[in-house]
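Participant: For reference, the structure I am asking about is given below.
The values are calculated or read from the model by the stated rules, or taken from the named source; none is laboratory data. All values derive from a computational prediction rather than experimental measurement. Here Cβ is always computed from backbone atoms with ideal geometry, including for glycine, and neighbour counts include all displayed protein chains. Side chains included, ligands, DNA and RNA excluded: accessible areas come from the protein's heavy atoms. Shrake-Rupley method; radii C 1.70, N 1.55, O 1.52, S 1.80 Å.
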Amino acid sequence: MRYILYKLATFVATMTLVSIIIFFVFQLLPGNPAHIILGIEAEQAQIQQLEQELGLDKQATERYVDWVTGLFQADLGESLKYQLPVSDILVDRIPVTFSLGILSILLTIIIGIPLGILIARTKGKWISVVLSIMTQLGIAIPSFWFGFILILVFGVILSLFPTYGYVPWSEDFFGALRALFLPSLVIAISNIAVIIRYLRNTILDQANMEYVRTARCKGLTERKIMYGHILRNALIPVITILGLTIADTLGGSIIIENVFALPGLGNLLIESISSRDFPLVQSMVLYIAVLVITINFIVDLLYKVIDPRIRAKG
Amino acid sequence: MSTPLLSIENLDVAFHFQDGDYNAINHVSFNVYPNEVLGIVGESGCGKSLTSKAIMGILPENASVKQGSITFRETNLVTMKEKQWQKIRGDAISMISQEPMTSLNPLLTVGKQIAEVLKQHRSYSKKEMKEKTIALMKEVGLPRAEALYKSYPHQLSGGMRQRIVIAIALIASPQLIIADEPTTALDVTIQAQILDLFKNIKNTRNSSLIFISHDLGVIRQVCDRVVVMYAGRVVEQGKVADILYEPKHPYTKGLIQSIPDHTKRGQELYTIPGNVPGLKERKRGCPFADRCAHRMDICHTHFPDEVYVENQAVSCHLYTKEEVKHVSTIH
């Protein structure tokens, strides 16, 4: 319990610090939002009036407090470009990125972990060498290249999947799944490769441990030794990597969302930066920060469930 | 004597390196009889641990049995398949390792880790398994066994963990238990307690025990017979009392001389000059020859046959028939 409270306290502290940094860094950026909205030729009176409306005439600290109060009321401000509440825009975009992210994480786990076990078990055999080379390629080759190849093979030549675009889940479940499958796979490929290599190493490290010999001396089969003893120990460090991957994926993939023309957060981020839509950019940076901190928090709690040595420290 | 439970004959175990095979165990032969405690003593690198791994069928990947046999209950273990090994391990032969701190899985409760052996080899109900585990935990001297059943290894002290490891080895009542330096990693006071536990096991259980140690003092306390190994060879074997009080092989003599005790107070402690030859430095002949004060020409060319001198078996040219008469002339 103390452990959870402690983690919760650090969680809140980090959030506060992050919000302060984000807010004040955006204050330092050149360019007056009122100027951007009204254009260069706007009159001074107009600008002053708009600044008053936007609250830009107040002190920075006062505006920070306003901003944070707004956050708690789900008021992220208004987008300069779209003239819409930022929250409305995000609510539109988040389902796309989340669907993409969750699907690719599932693919990463379903494909990465069994292959990691396989490559560790077949150490020294040709299949392990082949897999090893493939993971090397998976990490080295940029994801947009995989995107193009998959679009070409499965989209254009075989016509199994659509080549671009997003279908909402509520409209057509299988259509959505088909539309998201290729981009999720592309995002997953490098993550799968990383997980395979990482898990292989942790499994081989664990396999040399004394407790594995104890398990073998009990007469357990290699299968039981792997799944009952080695794997749980080997997965502990992998969870950290997986947590980072999840945060990264849910933050939106700028490249893949562009390759597959998906209206997700990655796409939005690029758009809003190029149109200097500060409220939108600021909210998205905050969203990504919150995401990373939250997932780290969950990973910490997961550790506690899996590893009794951490449970004891609580 | 009765028929041996375990009989090792002419065992060679080699490590495979890029530049060839090197025998780490050479023509090792000894027997373990029912209900006896056999000690194996020797310096590190003499092959005592490797011998025990060969018996368990858990040799490292780059080592294998080159020749010879390990006969257990009339079956040659050397030719067995992995599946057959798995039936024997933990059930008929078990092993206690020297690292109590790392030989338990940190993520599983100790009770589960003991009961796992029964789960593998017996068809007890969950309740029976737990009862038997708790009863054994009490037997090996763990207080509050019911509460400890659910604890994790990191919550226990080194001595308690070693008792858990011993319980894992005992739970299926195996006929042969191999204890590889079971007290080496422990504090002296805990060492004494664990040795007492082994004496208890010896008296109350119908198991044979192979007790591996580099410490003759420890061997003296628990063993009936002892095998002295040097650089992969058995150099002398016999009853503990005979070996300790009437050692025949120059190496055994040196080993005993180098045990500190109160009669040697104030004197410099004897050490055998030189070092154990490395695996790749071993030549034909007796591996101890270079360190031996009694070496003869033949020692460098031929390893002596095992001969009986009084009550023990010795492999030394000092005692082979032709040479026996010269013993008195050698300094």
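Participant: Going 7 Å from the Cα of residue B:33 toward and past its Cβ, which residues in the range B:218-239 have a backbone nitrogen under 19 Å from where you end up?
Facilitator: Taking a point 7 Å out along Cα→Cβ of residue B:33, the residues of the range B:218-239 whose backbone N falls under 19 Å are B:220-228, B:236-239.
Participant: For the range A:198-218, list residues with backbone N below 18 Å from a point placed 7 Å from the Cα of residue A:139 toward its Cβ?
Facilitator: Those under the cut-off are A:198-206.
Participant: Taking the Cα centre of the protein assembly as shown as origin and charging only Cβ (+1 Lys, Arg; -1 Asp, Glu), how large is the dipole, in debye to the nearest 20?
Facilitator: It works out to roughly 2680 debye.
Participant: Would you be so kind as to identify which of B:145, B:172, B:159 lies farthest towards the positive end of the dipole of the range B:110-176, taking Lys and Arg as +1 and Asp and Glu as -1 on Cβ and the Cα centre as origin?
Facilitator: B:145
Participant: Determine, from the Cβ-Cβ distance of residue B:147 and residue B:21 and an R0 of 45 Å, the FRET efficiency 1/(1 + (r/R0)^6), rounded to the nearest 0.05.
Facilitator: Once the sixth-power term is evaluated, E becomes 0.30.
Participant: Here's a follow-up. Summarise the partner chain shielding of B:50-60 as one whole number: the mean count of Cβ atoms from other chains within 10 Å of each residue's Cβ.
Facilitator: Taking all residues of B:50-60 together, the mean is 1.
Participant: In degrees between 0 and 90, to the nearest 10, how far off the longest principal axis of chain A does helix A:86-121 point, with axes built from Cα atoms?
Facilitator: Roughly 10 degrees, rounded to the nearest 10.
Participant: Taking the Cα-to-Cβ direction at residue A:24 and at residue A:285 and moving 7 Å from each Cα, how far apart do the two end points lie in nm?
Facilitator: Label at residue A:24, label at residue A:285, 1.3 nm between them.
Participant: Ratio to report: Rg/Rh of the range B:53-123, with Cα atoms as the point set and Rh obtained by the Kirkwood method; give two decimals. If you can, show how the numbers build up before the last one.
Facilitator: Details: Rg = 14.2 Å, Rh = 14.1 Å.
We get a ratio of 1.01 for the range B:53-123.
Participant: Using the Cα centre of chain A as origin and beta-carbon charges of +1 (Lys, Arg) and -1 (Asp, Glu), tell me which of A:56, A:70, A:139 is placed farthest towards the positive end of the dipole.
Facilitator: The residue sitting farthest along the positive end of the dipole is A:139.
Participant: Let me ask something additional. Let me cross-check residue A:159: its accessible surface, 1.4 Å probe, with only protein heavy atoms counted, in Å² to the nearest 10?
Facilitator: The accessible area of residue A:159 comes to roughly 80 Å².
Participant: Using a Förster distance of 51 angstrom, determine the FRET efficiency expected from the C-beta separation of residue A:178 and residue A:5, and round it to 0.05. Present the calculation step by step, with values, prior to reporting the outcome.
Facilitator: Numbers: r = 45 Å, r/R0 = 0.89.
Plugging the Cβ-Cβ distance into 1/(1 + (r/R0)^6) gives 0.65.
Participant: For the range B:161-229, rounded, prolate or oblate, judged on the Cα gyration tensor with a ≥ b ≥ c (square roots of eigenvalues), a/c < 1.5 rounded, else prolate if a/b > b/c?
Facilitator: Verdict is oblate for the range B:161-229.
Participant: Oh, and also: Under a GNM of chain A (C-alpha, springs under 10 Å), which listed residue has the highest mean-square fluctuation: A:200, A:276, A:216?
Facilitator: The residue that fluctuates most here is A:216.
Participant: Would you mind finding the longest exposed-site-free stretch of chain B, with exposed chymotrypsin sites (Phe, Trp or Tyr not before Pro) meaning DSSP loop and at most 16 other Cβ atoms within 10 Å?
Facilitator: For chymotrypsin sites (Phe, Trp or Tyr not before Pro) (loop position, at most 16 other Cβ atoms within 10 Å), the longest site-free span of chain B is B:125-269.
Participant: Could you give the angle, 0 to 90 degrees to the nearest 10, between helix B:126-139's Cα long axis and the longest principal axis of the Cα atoms of chain B?
Facilitator: 50 degrees
Participant: Highest GNM mean-square fluctuation, chain B, Cα pairs closer than 10 Å: which of B:123, B:52, B:258?
Facilitator: Ranking B:123, B:52, B:258 by mean-square fluctuation puts B:123 first.
Participant: Roughly what % antiparallel, to the nearest 5, for the DSSP beta bridges in the protein assembly as shown?
Facilitator: Around 60 percent antiparallel, to the nearest 5.
Participant: With springs connecting C-alpha atoms under 10 Å apart, model chain B as a Gaussian network and identify which of B:151, B:97, B:125 has the largest mean-square fluctuation.
Facilitator: Maximum fluctuation in the GNM of chain B, among the listed residues, is at B:125.
Participant: Roughly what would the spin-label model give for residue A:310 and residue B:269, points 7 Å off Cα along C-beta, in nm?
Facilitator: It is 4.5 nm.
Participant: Loop only per DSSP, at most 10 neighbouring Cβ atoms within 10 Å: give me the GluC sites (Glu not before Pro) in the range A:15-120, ordered by residue number.
Facilitator: Answer in residue order: A:41, A:43.
Participant: Give me P(r) over the range A:45-183, computed from all C-alpha to C-alpha distances, binned every 5 Å, as integer percentages.
Facilitator: Result returned by the calculation: 2, 7, 10, 13, 12, 11, 9, 8, 8, 8, 5, 4, 2, 1, 0, 0.
Participant: To continue, here is another question. Distance between the C-alpha centers of the range A:113-183 and the range A:89-103? Whole Å please.
Facilitator: For the range A:113-183 versus the range A:89-103, the Cα centre distance is 20 Å.
Participant: Could you state the orientation-averaged shadow area of the convex hull built on the Cα atoms of the protein assembly as shown, in nm² to one decimal?
Facilitator: Across all orientations, the protein assembly as shown yields a mean hull projection of 42.0 nm².
Participant: Sticking with this one: Dipole of chain B (Lys/Arg Cβ +1, Asp/Glu Cβ -1, origin at the Cα centre): which of B:270, B:256, B:15 lies farthest to the positive side?
Facilitator: Working it through, the farthest residue towards the positive pole turns out to be B:15.
Participant: Given axes a ≥ b ≥ c from the Cα gyration tensor, I'd like to know whether chain A is rounded (a/c under 1.5), prolate (a/b larger than b/c) or oblate.
Facilitator: oblate
Participant: Right, next: Between residue B:205 and residue B:138, with labels modelled 7 Å along Cα→Cβ, what's the label distance in nm to one decimal, could you check?
Facilitator: Rounded to a tenth, the inter-label distance reads 1.8 nm.
Participant: Roughly how big is chain A's charge dipole about its Cα centre, with Cβ charges of +1 (Lys, Arg) and -1 (Asp, Glu), in debye to the nearest 20?
Facilitator: 2700 debye
Participant: How much length is gained on full extension from residue B:284 to residue B:3, taking 0.36 nm per residue of separation minus their Cα-Cα distance? Write out the running numbers ahead of the final one.
Facilitator: On the way: separation 281, 0.36 × 281 = 101.16 nm, distance 3.33 nm.
Stretched fully, the residue B:284-residue B:3 segment lengthens by 97.8 nm.
Participant: To continue, here is another question. Quick one: which of A:218/B:127; A:218/B:138; B:66/B:283; B:48/B:112 span more than 25 angstrom between C-alpha atoms?
Facilitator: From the list (A:218/B:127; A:218/B:138; B:66/B:283; B:48/B:112), the Cα-Cα distance tops 25 Å for B:48/B:112.
Participant: Relative to the Cα centre, what is the charge dipole magnitude of the range B:170-232, using +1 at the beta carbon of each Lys and Arg, -1 at the beta carbon of each Asp and Glu, and rounding to the nearest 20 debye?
Facilitator: Taking the Cα centre of the range B:170-232 as origin, the dipole is about 260 debye.
Participant: Set the Förster radius R0 to 22 Å, insert the Cβ-Cβ distance between residue A:156 and residue A:255 as r into 1/(1 + (r/R0)^6), and round the FRET efficiency to 0.05.
Facilitator: 0.65
Participant: Using only the Cα atoms, work out Rg/Rh for the range A:183-314, with Rh taken as the Kirkwood radius, to two decimals.
Facilitator: Computed over Cα atoms, the ratio is 1.14.
Participant: How large is the translational diffusion coefficient of chain B in µm² per second when you combine the Kirkwood radius over alpha carbon pairs with Stokes-Einstein at 4 °C and 1.567 mPa s?
Facilitator: Working: Rh = 21.1 Å.
Reported coefficient: 61 µm²/s.
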